[in-house]
Every structure is written in C-alpha cells, then in structure tokens.
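The values are calculated or read from the model by the stated rules, or taken from the named source; none is laboratory data. As the structure is a prediction and not an experimental result, all values here were calculated from the model. Here the Cβ is made from the backbone with ideal geometry for all residues, glycine too, and neighbour counts use every protein chain on show.
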Amino acid sequence: MTWPKRYGGGEQSGMARFVVIEELLAAGAPVAAHWIAERQTGPSLLRFGSDEQRAKFLPPIVRGECFFAIGMSEPDSGSDLASVRTVARATEGGWIISGSKIWTSHATRAHFMIALCRSSERQSDRHSGLSQFIIDLSSPDVHVRPINLMSGHAHFAEVNLDSVYVGEEMLLGDEGSGWQQVNAELAYERSGPERFLSTYPLLCALGDVLEENCDSFADARFGSLVANLWTLHSMSESVAEQLSAGFAPQFEAAMVKDLGTQFENDVVDVASALSPRQLLEGSSDVFTRLLAQSVLAAPAFTLRGGTTEILRGIIAKGLNQ
Ligand SMILES: Cc1cc2nc3c(=O)[nH]c(=O)nc-3n(C[C@H](O)[C@H](O)[C@H](O)COP(=O)(O)OP(=O)(O)OC[C@H]3O[C@@H](n4cnc5c(N)ncnc54)[C@H](O)[C@@H]3O)c2cc1C
C-alpha cells in the first residue's frame, strides 16, 4: 500500500496500511506468505537496496508472487545476534556463503531469504563486519529442513547454506553495515498490530461465550483485557506514525512488543480460566478451537522477534538516554 507507484505500490500513508493490517489480523485472515516481504523486506530494499534490487524484487512482491524469509537466528545465535557464524567470503564477482540459519519462518515456501552474515573478521567492535545478502532459496546448495512445532505444524525451518554462491549484486546495502540495517528492520518487526492481535479472534469468541453466561467477575476481567487492547492499539499506532515519518523508533517498538505479547498471553490465560475446555484443535466449536490453537501457539509469542528479556534490555538503554 505504501510503496512507490513505479514499483506497483499505492503510495498510501503508513496509517492507511496500519488500518488495513489491523482489520486483516482481527479477522484472522491468512496473511503469512506475504507477511515478511511486505512488512520488512520491501522497506529494507527501499531504504538500503540498489535500484536494480528494487526493480527486480518489489514488483513481484506487490503482485503477491515473491515471498521472503528472515535469516537472522542461528543454532548458537538468537538473542546475541552479533555472534552469527554464517560466513560470507568474497570471491570473483560475488560471495560464497556458508553456515546455518534456524527458526526461519516459512522458509519452505519463501523464494528468497535475507541472511545476516559475517563478511569480515571479527574486530573489537563485534557489530562491525556484518552484512546482509539476498539468497535464492531454490539454489542447489541451499538445504531447507522443516521443523515441527508441538502443534504438529511446520511453520519454520532450518536452512543450511553449503558454500552458496551469490553475485555481488545480492549484497543488500553497504558491506559491513548489516548490524545497523538489521536493527532498522526490527523496528518494523516489533511494533505492528501483529504483536498484540494474535489472540484477538479468541478474545472475540470469549466475548460471545460470556454474553450467554456472565457474572461481574468475568465482566471485570474481560473489560480489563479490552481496556489494555485499546492502549496497545494507541501505542502501536503512534509507532506506525513515527515509522511513516522516517524515524526508527527502536525503544518504542520494543515496548509495544513486550506489552503486546504479554497481552496476547493474558487473553489465553483469562479465556482458559473463565471458560475451561478440553482442548481440541479440530473442534467445531469456535471458542474451543481458537483456545486450543492459542494455547499451542502462545509459547512462541514472547520469543519471535526478540525475547522479553532482550526487549527489556533495549528499553532500559532507551530510558537511560
Ligand atoms: C514462532 C517463531 C518464529 C521465528 N521466526 C524467525 C525467523 O523467521 N527468522 C529468524 O531469524 N528467527 C526467527 N525466530 C527466532 C527468534 O528470533 C529467536 O528464537 C529469539 O531471538 C531467541 O533466540 P534463541 O531461541 O536462540 O534463544 P536464546 O537467545 O538462547 O535465549 C534463551 C533464553 O535466554 C534469555 N536470554 C538470552 N540472552 C539474555 C541476556 N543477555 N539477558 C537476559 N536474558 C537473556 C532469553 O530471553 C531467553 O529466555 C523465530 C522464533 C519463533 C518462536
């Protein structure tokens, strides 16, 4: 919606996008395949990409034909992202990339992944020497292994990069600027309505259940959730305004994600307490089905996009500035 018309975008405001995203999530619409490319790959390409990269990738993303994955986490590097071990070695006309990425959402169906790699030896400043590369996931030297969640669904994957050649035109932004670029990208990942609306359909279903069978205790707990939701909506909206104005509100985004994911878990806890059920994912009863799905998904809410402890560390630094 917000991208330039020359790439097929609508040149609409970030606030217009916010409204549509919020409605899609509230309705539980199936948005996953396009999510990463629309939310963060596109803005990264617009900010750091070359003209050739924008012309190559943005139009097919707009047409819904090209999906991207995020290649940040590794088996031994999650919260401490600067310790990534995937290496990019310069070679004639490009780079050879070797290493492993893990928890890569939708890597089994994405066409490309933007990987954070170490492109020069580690110096005393551990944030230098990192770069981002666009990797074609259909390359024969890329091996994608789905990982099953406890729900049985394979949402994310491990991606092994076995000396994958990428042309120099696939370096995103400047060599050595990967850390700054990744941090700018994370503000998009942490502040949107997806960080407090994962369990919104369950909240609505709980409202329907309580309408038939309510008391003042249940009323108060439900009312408290709705009040929190409204506050989170206002906070997320104000971060979206800052992003639209070209700022990178990292601390504010971390706050929205920390409070938002707590709220998502609170919805599950309150729903389980007020209307306990035997959890059946395939139940024909909407509330039972949504509660079962939410209980299985809830452990991931505070992990994906940065854990609670890491976010609070970022907020602490922000409060100290
Ligand atoms: C559903 C889901 C989807 C994901 N999708 C992607 C994706 O598409 N791409 C991608 O790159 N990654 C993805 N991730 C990975 C996610 O970003 C990491 O799981 C997260 O950053 C935590 O890293 P870790 O799992 O290595 O845990 P660790 O970093 O090992 O942390 C383990 C625990 O220690 C705590 N801890 C760590 N360091 C500190 C510290 N300094 N101070 C205090 N406590 C600390 C953490 O808070 C956590 O509780 C996804 C994760 C999930 C759950």
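Read through the list (1) in a loop (DSSP other than H, G, I, E, B); (2) without any contact (Cβ under 8 Å) to a residue 40 or more places away in the chain, then give the number of the only condition that residue 151 fails.
(2)
Here are some residues: 308, 261, 288. Which one is more than 16 Å from the ligand (Cβ to nearest atom) and of a type in the set (Val, Ile, Thr)?
Values: 308 fails: more than 16 Å from the ligand (Cβ to nearest atom); 261 fails: more than 16 Å from the ligand (Cβ to nearest atom).
Criteria check complete, one pass: 288.
Where residues in segment 68-93 are more than 17 Å from residue 132 (Cα to Cα) and within 16 Å of the ligand (Cβ to nearest atom), which of them is nearest to the chain's Cα centre (by Cα)? Can you show your working first?
First pass over segment 68-93, keeping only residues more than 17 Å from residue 132 (Cα to Cα): 75-76, 79, 92.
With the extra rule that they be within 16 Å of the ligand (Cβ to nearest atom), the set shrinks to 75-76, 79.
Numbers: 75: 18, 76: 20, 79: 14 Å.
It comes out as 79.
Among the residues of segment 269-285 satisfying the criterion of being in contact (Cβ under 8 Å) with a residue 60 or more places away in the chain and part of a loop (DSSP other than H, G, I, E, B), which is farthest from the ligand (Cβ to nearest atom)?
If we filter segment 269-285 for residues that are in contact (Cβ under 8 Å) with a residue 60 or more places away in the chain, which is where we start, we get 270-271, 274-275, 281.
From what is left, the residues that are part of a loop (DSSP other than H, G, I, E, B) are 275, 281.
Details: 275: 26, 281: 17 Å.
So, considering only residues that are in contact (Cβ under 8 Å) with a residue 60 or more places away in the chain and part of a loop (DSSP other than H, G, I, E, B), the one farthest from the ligand (Cβ to nearest atom) is 275.
Hey, could you check segment 194-218 for residues that are closer than 16 Å to residue 272 by Cβ and not in a helix (DSSP H, G or I) and say which is farthest from the chain's Cα centre (by Cα)?
In this case the residue turns out to be 213.
Those residues that are without any contact (Cβ under 8 Å) to a residue 24 or more places away in the chain, within 16 Å of residue 304 (Cα to Cα) and surrounded by 14 or more Cβ atoms within 10 Å (Cβ to Cβ), I need them from segment 38-77; list them, please.
Residue satisfying the conditions is 77 alone.
Of the residues 215, 269, which is charged (D, E, K, R), surrounded by fewer than 17 Cβ atoms within 10 Å (Cβ to Cβ) and modelled with pLDDT of 95 or more?
Working: 215 fails: modelled with pLDDT of 95 or more.
Unique residue meeting the criteria: 269.
Specify which of the listed residues (167, 207, 192) is in contact (Cβ under 8 Å) with a residue 40 or more places away in the chain and surrounded by 13 or more Cβ atoms within 10 Å (Cβ to Cβ). Outline the logic, then answer.
Working: 167 fails: surrounded by 13 or more Cβ atoms within 10 Å (Cβ to Cβ); 207 fails: in contact (Cβ under 8 Å) with a residue 40 or more places away in the chain.
The unique qualifying residue is 192.
Scan segment 108-127 residue by residue and report those that are in contact (Cβ under 8 Å) with a residue 12 or more places away in the chain and of a type in the set (Lys, Arg).
Of segment 108-127, the ones in contact (Cβ under 8 Å) with a residue 12 or more places away in the chain are 108-120, 126-127.
Listed by number, the residues that qualify are 109, 118, 126.
Identify, by number, the condition in (1) under 30 Å from residue 184 (Cα atoms); (2) surrounded by fewer than 15 Cβ atoms within 10 Å (Cβ to Cβ) that residue 254 doesn't meet.
(2)
For residue 266, indicate whether it is away from the ligand (no atom under 16 Å from the Cβ), within 23 Å of residue 234 (Cα to Cα), among the charged types (D, E, K, R) and part of a helix (DSSP H, G or I). It would help to see each step written out before you state the result.
Details: away from the ligand (no atom under 16 Å from the Cβ): yes; within 23 Å of residue 234 (Cα to Cα): yes; among the charged types (D, E, K, R): yes; part of a helix (DSSP H, G or I): yes.
Yes; evaluated as a whole, the condition is true for this residue.
Sort through 236, 294 and tell me the only one that's outside the structural domain of residue 17 (by TED's automatic domain parsing) and more than 26 Å from residue 215 (Cα to Cα). If you could, list the steps in order and put the result at the bottom.
Details: 294 fails: more than 26 Å from residue 215 (Cα to Cα).
Exactly one residue qualifies, and that residue is 236.
Step by step: first the residues of segment 94-148, then only those that are within 13 Å of the ligand (Cβ to nearest atom) and part of a loop (DSSP other than H, G, I, E, B), then the one that is surrounded by the fewest Cβ atoms within 10 Å (Cβ to Cβ). Which residue is that?
So, considering only residues that are within 13 Å of the ligand (Cβ to nearest atom) and part of a loop (DSSP other than H, G, I, E, B), the one surrounded by the fewest Cβ atoms within 10 Å (Cβ to Cβ) is 148.
Give the residues of segment 286-321 that are part of a loop (DSSP other than H, G, I, E, B), modelled with pLDDT under 95 and over 17 Å from residue 150 (Cβ atoms), sorted by residue number.
305, 306, 320, 321
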